[in-house]
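The block underneath contains the structure these notes are about, expressed in structure tokens.
Each value in this text was obtained by applying a stated rule to the coordinates, not by laboratory testing. Here the structure is a predicted model, which means the values were calculated and not measured. Positions of Cβ are backbone-derived with ideal geometry, glycine not excepted, and every protein chain shown enters the neighbour counts.
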Amino acid sequence: MFPRPIERASKTSRVAYQSFLPFALFLWLLPLLAIFLTSMRGSKDINTGNVFGWPTEFKLIENYYTVFAQTEAVKYLINSFLITMPSVVISVSLACLAGYALAIYRFRLALPLFFVFVAGNFVPFQILMIPVRDLSVQTGLYDTIAGQFLFHAAFQTGFCTLFMRNFITALPFDLIESARVEGVAEWRIFWYIIVPLVRPAIAALAVLIFTFVWNDFFWANVLTQGEQVKPITAGVRALNGQFISNWHLVSAASLLAAVPPVVMFFLMQRHFIAGLTLGAVK
């Protein structure tokens, strides 16, 4: 039913696996390698069609300096942080509260309400484009930073609640009952007992939501019109001129946009892995 670990496979299978793995890894990294090579090319290579060949001139420092000094990439990066960080804080905070209520309290609508959160994850987000845009225009949140992070927070809360509810359900209920017998207030039970126990899950969820929101491109174009509030994922298009394609600058800005999620993952790697495996073994 489950795949057998490679250590238990035959010697021939292990050799084939070890031989194929570097090739598969190279294919997976090939687009990133191509973007990195493009980010160090000069405009002459791109204009002459040398897109996939070896660069004739290396302008790594010049291209990245141009991105920072002569474009709005820094503003786009700041906008991305202003959109992503509140989205993560709001969605994870609401999910912890809702997950605690759905997992601990016993009331008649607990299961149907939980199914509502689950069902929201299966709604194709493209069909929400027109209603969400109209709502943001009517409320004055269109083309604003607040409109973007409020939407992302609302959209991600369903998945976050599903995530946190399952983790909190796996905790021993005796801990909560013991605290209640001792007369501990409900909010203290949540803050001093539940939150420390699910801290790895919160860290894993924060990394996932940070990556989802940071890499968003669709809603960044639906909810914005001008260039002042665009995140980096949508703002890199502005690096191409009307008559000139600056693909070397676009590639450099794209690699810069990929740095924050990677850095956050490595900073939270220990908690991320612990959060994903929490409750896997009883």
Problem set entry | Neighbour-count ranking [beta-carbon atoms within 10 angstrom, fewest first] of 230, 59, 75 | 75, 59, 230
Exercise. With θ set to phi - 60° and the Karplus curve 6.51 cos²θ - 1.76 cosθ + 1.60, what are the ³J(HN,Hα) couplings of segment 124-130 in order, to the nearest whole Hz, using x for Gly and Pro?
Worked result: x, 5, 5, 6, 8, 4, 5
Problem set entry | Among 128, 162, 25: highest mean-square fluctuation, GNM of the chain, C-alpha pairs under 10 Å | 25
Seminar exercise, completed: Within segment 63-138, DSSP-loop chymotrypsin sites (Phe, Trp or Tyr not before Pro) with at most 10 other C-beta atoms within 10 Å are 105, 107, 122
For this session: Multiply the residue separation of residue 154 and residue 82 by 0.36 nm, subtract the distance between their alpha-carbon atoms, and state the gained length in nm to one decimal.
Result: 24.3 nm
For this session: Using the number of other C-beta atoms within 10 angstrom as an exposure proxy, rank 245, 254 with the fewest first.
Result: 245, 254
Problem set entry | Range of Cα positions in segment 6-68 per principal axis (Å), largest first | 53, 25, 13
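If you filter segment 94-133 for trypsin sites (Lys or Arg not before Pro), then keep DSSP loop positions with at most 13 other Cβ within 10 Å, what is left?
Within segment 94-133, the qualifying trypsin sites (Lys or Arg not before Pro) (loop, at most 13 other Cβ atoms within 10 Å) are 106, 108.
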Seminar exercise, completed: Percent relative contact order for segment 71-277, counting Cα pairs under 8 Å at least six residues apart, stands at 33 percent
Exercise. Once label points are set 7 Å from the Cα along Cα→Cβ at both residue 195 and residue 128, what is their separation, rounded to one decimal in nm?
Worked result: 2.7 nm
Problem set entry | chymotrypsin sites (Phe, Trp or Tyr not before Pro) restricted to segment 160-230 and DSSP loop, no more than 16 other C-beta within 10 Å | 217
Exercise. Got a sec? How would 227, 57, 182 order by Cβ neighbour count within 10 Å, fewest to most?
Worked result: 182, 57, 227
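For residue 263 and residue 7, FRET efficiency with R0 = 35 Å and r from the beta-carbon atoms, rounded to 0.05?
Once rounded, the FRET efficiency stands at 0.60.
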Seminar exercise, completed: With -39,500 (n - 2.57) per DSSP H segment of 4 or more residues and division by the full residue count of the chain, the 222 nm estimate, nearest 500 deg cm²/dmol, is -21500 deg cm²/dmol
For this session: Averaged over every viewing direction, what's the projected area of the C-alpha convex hull for the chain? Give it in nm², one decimal, please.
Result: 21.3 nm²
